[in-house]
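Peer 1: Please see the structure below; I have some questions.
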Amino acid sequence: MRILTCSNSCPRWDGGVLAPRSPGGLAPMLVALLEQHGGHWIFTAPPDRPDAPDTVRIGEDVFLHPIEPGEDLRRKHYDEISIRLLLGLLHYMHDTSAQPVFDDALWAAWAGYEEVNRTYAKRLAELAAGAGDTLVLLNDPHLMLVPEFFTAEQPARGKLTYFLGTPWCEPDYFSLLPRRIRVRLLTSLLRCDVVGFHATRWADAFLRCCARYVPGAVVDGRSVLLGGHRTELVATPFPLDTGTIDRMTGEAAMKRWRTRLARWSQGRRIMLRADRLDLWKNLPRGFRAYELLLERRPELAAECWFAAVVTTPSRAAGRHLAHAEETEEIVRRINARFATGGQEAVSLIRPAADDDSRHCVLAGLSMSDAALVNSTYDGLNLFAKEAAYLLPDDATLLLSENAGVIEGLGRFAVGIDPFDLTATGEAMEAALTRPGSSLRSERRAALREETVAGWVKGVFRL
């Protein structure tokens, strides 16, 4: 069995070694799959490797195929359609009083999205021809037209799965897309044998969109029939790589971060969050909820420290930059009001480019009294799994009820409404002033049962 996969996400490859560019999300999963099974990975060339060769061989049986779209297509495909339109839609981020607007500029960007997807599909068909026992795995909302183009070129192929690491919105919100786009996307995905999500909630929303918008589609339990083809829907969340976490906990970088964080916390109780500054991660509301708590109980600023490990999205612009500025302004305001004894009440931690952000996060979790995930809508949220695995006994995981991971971790967490600042502040107060449930051994045992092999079986229905 070989893996043939496409994604916008890309790896690092240096000195014949394949590695993910970030600790979470899709890339580490694909690295693990290819190292185990061998195969081909097609991805969008990273901006720092624009001159990468068409094919890079790693070891004996792993082949990388960077696609370089050029800056104009990258802007249309990635910035305008994939990020602003589609990720904004699937995460419910559009202000419908003003957006989206389908004018000539957006339709030109849509043509760019089609062109990049067609390029991916052509390369995929070339690699799939005569490949034998192959599992074809497509990923990311950036490539939702690839199934349409690929199956037209390669009708005889191995099992085809599309996995979306995002949420999927309900039909009424999905109707923000014009009919010709929404039907096209759904019909393309229904050319796959399996469409997978991290949570049943997102799969159910997809099924409802198919039932409402795709002519001739018949929803049959957990599958959709269209034109004689059956597509199965699965909810198979990414596993946590507990073996890697166990190894990292003994490394020198982990010890350095623990020392540094202990110095900054000065013996105070710690509440930690770790996020990329994406709009749906909801950092401003999280800090504002903590500000409301400190307004009621200002003495907690001397007893507790709320720290956020943050990274900036690639090609951040527009709303993302405004979101980051808003977050920083709230942090400055809280510290101006509540910092005591030269100690910040809240902090943004940005590990340096040459530092290891994941060691920082894992070290922080191992010494925290609470962890916060208050995403507005989130496909999974791997940080929540790391928190469930590493938080000490009696620590509390505050977990958004709109994060996909709550399906698996809800019994180990305190669910919060990410839009209710008052209730979130009250949950923070309880987490920082009263011990939680001692379920660490049960949390860790449940997460250790998850494996990459189990995920592959689930997402391909093997």
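Peer 1: Could you quote the convex hull projected area for the chain, Cα atoms only and averaged over all directions, in nm²?
Peer 2: 21.7
Peer 1: Rounded to two decimals, what is the ratio between the C-alpha radius of gyration of segment 288-392 and 2.2 N^0.38 Å?
Peer 2: 1.15
Peer 1: Okay, moving on. Could you tell me what percent of the accessible area of segment 188-272 is made up of carbon and sulfur, with a 1.4 Å probe and every protein chain present? All intermediate terms of the calculation are to be shown ahead of the outcome.
Peer 2: Working: 1810 of 3670 Å².
Of all accessible area on segment 188-272, carbon and sulfur atoms account for 49 percent.
Peer 1: Given +1 on the Cβ of Lys and Arg, -1 on the Cβ of Asp and Glu, and no further charges, what dipole in debye does the chain carry about its Cα centre, rounded to the nearest 20?
Peer 2: Working: 55 positive and 59 negative charges, 89 e Å.
About 420 debye.
Peer 1: Going by average Cβ density within 10 Å per residue, which order do the peptides 15-21, 141-147, 412-418 take, highest to lowest?
Peer 2: Result, highest mean Cβ count within 10 Å first: 141-147, 412-418, 15-21.
Peer 1: Put +1 on the Cβ of each Lys and Arg and -1 on the Cβ of each Asp and Glu in segment 171-216; which of Val214, Ile181, Val195 then has its Cα farthest toward the positive end of the dipole?
Peer 2: Result: Ile181, furthest along the dipole toward the positive end.
Peer 1: Related question: Exactly which chymotrypsin sites (Phe, Trp or Tyr not before Pro) in segment 101-143 are in a DSSP loop and have at most 16 other Cβ atoms within 10 Å? Before the final figure, lay out the partial values.
Peer 2: Values: sites: Phe102, Trp107, Trp110, Tyr113, Tyr120; in loops: Phe102.
Of the chymotrypsin sites (Phe, Trp or Tyr not before Pro), the ones in loops of segment 101-143 whose Cβ has at most 16 other Cβ atoms within 10 Å are Phe102.
Peer 1: For segment 341-389, what mean projected area does the convex hull of the alpha carbons give, in nm²?
Peer 2: 5.0
Peer 1: Here is a follow-up. Return the long-range amide H neighbours of Ile270 (sequence gap of 5 or more, or a different chain), with a cut-off of under 5 Å between placed amide H atoms.
Peer 2: For Ile270, whose amide H was placed from the backbone, the distant partners under 5 Å are Trp305, Asp369, Ala370.
Peer 1: To continue, here is another question. Place +1 on the Cβ of every Lys and Arg and -1 on the Cβ of every Asp and Glu in the chain, take the dipole about the Cα centre, and give the residue among Phe383, Pro69, Trp110 whose Cα lies farthest towards its positive end.
Peer 2: Farthest along the dipole direction, towards plus: Phe383.
Peer 1: Of Pro313, His323, Ile334, which is farthest towards the positive pole of segment 289-343's charge dipole, taken about the Cα centre with +1 and -1 on the beta-carbons of Lys, Arg and Asp, Glu respectively?
Peer 2: Projecting each Cα onto the dipole axis, the largest value belongs to Pro313.
Peer 1: Right, another one. Specify the longest stretch of the chain that does not include any exposed loop site, a site being one of the GluC sites (Glu not before Pro) with a non-H, G, I, E, B DSSP assignment and at most 11 other Cβ atoms within 10 Å. Display every interim value, and only then the final one.
Peer 2: Numbers: sites that count: Glu60, Glu299, Glu449.
For GluC sites (Glu not before Pro) (loop position, at most 11 other Cβ atoms within 10 Å), the longest site-free span of the chain is 61-298.
Peer 1: Would you compute, for the Cα atoms of segment 377-453, the largest minus smallest coordinate along each principal axis and list the three values in descending order, in whole Å?
Peer 2: Projected onto the principal axes, the Cα atoms of segment 377-453 cover 42, 27, 16 Å.
Peer 1: What is the mean projected area of the alpha carbon convex hull for segment 140-273, to one decimal in square nanometres?
Peer 2: Working: hull surface 49.9 nm².
Projected area, direction-averaged: 12.5 nm².
Peer 1: For a quick size check, give me the Cα extents of segment 310-462 along its three principal axes, largest first, whole Å.
Peer 2: Result, largest extent first: 54, 41, 33 Å.
Peer 1: A further question follows. Run through segment 267-321 and list the trypsin sites (Lys or Arg not before Pro) located in a DSSP loop whose Cβ has at most 12 other Cβ atoms within 10 Å.
Peer 2: Sparse-neighbourhood loop trypsin sites (Lys or Arg not before Pro): Arg315.
Peer 1: Can you tell me the Rg and Dmax of segment 220-273, counting just the alpha carbons, in angstroms?
Peer 2: Values for segment 220-273 (Cα only, Rg and Dmax): 22.5, 65 Å.
Peer 1: With only Lys, Arg, Asp and Glu charged, each at its Cβ (+1 for the first two, -1 for the last two), find how big the charge dipole of segment 14-170 is about the Cα centre; round to the nearest 20 debye.
Peer 2: I would put it at about 280 debye.
Peer 1: Let me check I have the definition right: for segment 105-160, take the eigenvalues of the Cα gyration tensor, multiply each by 5, take square roots. What are those semi-axes in whole Å, largest first?
Peer 2: 24, 10, 8
Peer 1: Here's something else I'd like to know. Viscosity 0.692 mPa s, temperature 37 °C: Stokes-Einstein D of segment 1-105 from its Kirkwood Cα radius, in µm² per second?
Peer 2: Answer from the Stokes-Einstein relation: 213 µm²/s.
Peer 1: Give the span of segment 414-462's Cα atoms along each principal axis, as three whole-Å numbers ordered largest to smallest.
Peer 2: 46, 28, 10
Peer 1: For segment 188-342, treating each Cα as an identical point scatterer without solvent, what Debye log10 I(q)/I(0) comes out at q = 0.09, 0.11, 0.12, 0.16 1/Å?
Peer 2: Taking Cα atoms of segment 188-342 as identical point scatterers yields -0.54, -0.73, -0.80, -1.01.
Peer 1: Given the -39500 (n - 2.57) contribution per DSSP H run of 4+ residues, what per-residue ellipticity at 222 nm results for the chain, rounded to the nearest 500 deg cm²/dmol?
Peer 2: -12500 deg cm²/dmol
Peer 1: Here is a follow-up. Let me make sure I get this right: for segment 255-337, a, b and c are the square roots of the gyration tensor eigenvalues over alpha carbons, sorted descending. Under 1.5 in a/c it's rounded, otherwise prolate if a/b > b/c, else oblate. Which is it? Each step should come with its number before you reach the end.
Peer 2: Values: a/c = 2.57, a/b = 1.33, b/c = 1.92.
Oblate, because a/c is 1.5 or more while a/b does not exceed b/c.
The values are calculated or read from the model by the stated rules, or taken from the named source; none is laboratory data. What you see is a predicted model; the values in this text were computed from it and never measured. Using ideal geometry, Cβ is built from the backbone for each residue, glycine included, and neighbour counts are taken over all protein chains shown. Remember, those area values only see protein heavy atoms, side chains included, never the ligands or the DNA or RNA. Shrake-Rupley method; radii C 1.70, N 1.55, O 1.52, S 1.80 Å.
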